Amino acid sequence: MVTQEIDICFLHLNRAASKGDLMKLKSLQLAGVNLNQEDICGRSAILCTTEACQKSIVEWLLLQSNVNSSPRNLYGVTPLEAAKLLNHPDIFNVLKGIESPPSPTLNL
């Protein structure tokens, strides 16, 4: 029963991420679903959202939900790499900013 519930959460989570359904993602988060969960192929919400080119959801997941920005799927691909491979420059730039924040400037 628990495994079936977890499988259903994966389905809802990745579907909501792919479709850009922010309300569903928020409700899953409020219900205690771990937004870093991965499906059997190692795809997490951030990777599904990146692949579907849902920039606003990528930003929400990273900035409001504090999900891991660089999980690897079964093939070792990170969301940043997926954004580059799939030619999603806006998402690539968002992910690049999270993974390598600008270095502080020195005031001498």
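Other residues whose C-beta falls under 15 angstrom from the C-beta of residue 86 contribute a net charge of +1, scoring Lys and Arg +1 and Asp and Glu -1. Full extension of the chain segment joining residue 11 with residue 53 gains 13.3 nm, where the gain is 0.36 nm per residue of separation less the Cα-Cα distance.
Computed from phi, the 3J(HN,Hα) profile of region 43-57 under the Karplus parametrisation 6.51, -1.76, 1.60 (θ = phi - 60°) reads 8, 9, 4, 5, 6, 4, 5, 4, 4, 8, 6, 9, 4, 5, 6 Hz, with x in place of Gly and Pro.
Using 20 Å as the Cα-Cα cut-off, could you pick out the over-long pairs in 55/96; 26/96; 19/96; 24/84; 24/96? Spell out each step's value before the answer.
Numbers: 55/96 13 Å; 26/96 24 Å; 19/96 22 Å; 24/84 27 Å; 24/96 26 Å.
Among 55/96; 26/96; 19/96; 24/84; 24/96, the Cα-Cα distance tops 20 Å for 26/96; 19/96; 24/84; 24/96.
Length gained on full extension, residue 36 to residue 66: 9.9 nm, using 0.36 nm per residue less the C-alpha separation.
Dipole check for region 2-99: with +1 at the C-beta of Lys and Arg, -1 at the C-beta of Asp and Glu, and the Cα centre as origin, the magnitude is about 160 Debye.
Since every read-out is calculated from the coordinates, none of them should be taken as a lab result. Every value quoted in this text rests on a predicted model; they were computed, and no experiment measured them. For neighbour counting, all protein chains shown are included, and Cβ atoms are generated from backbone atoms with ideal geometry for every residue, glycine included.
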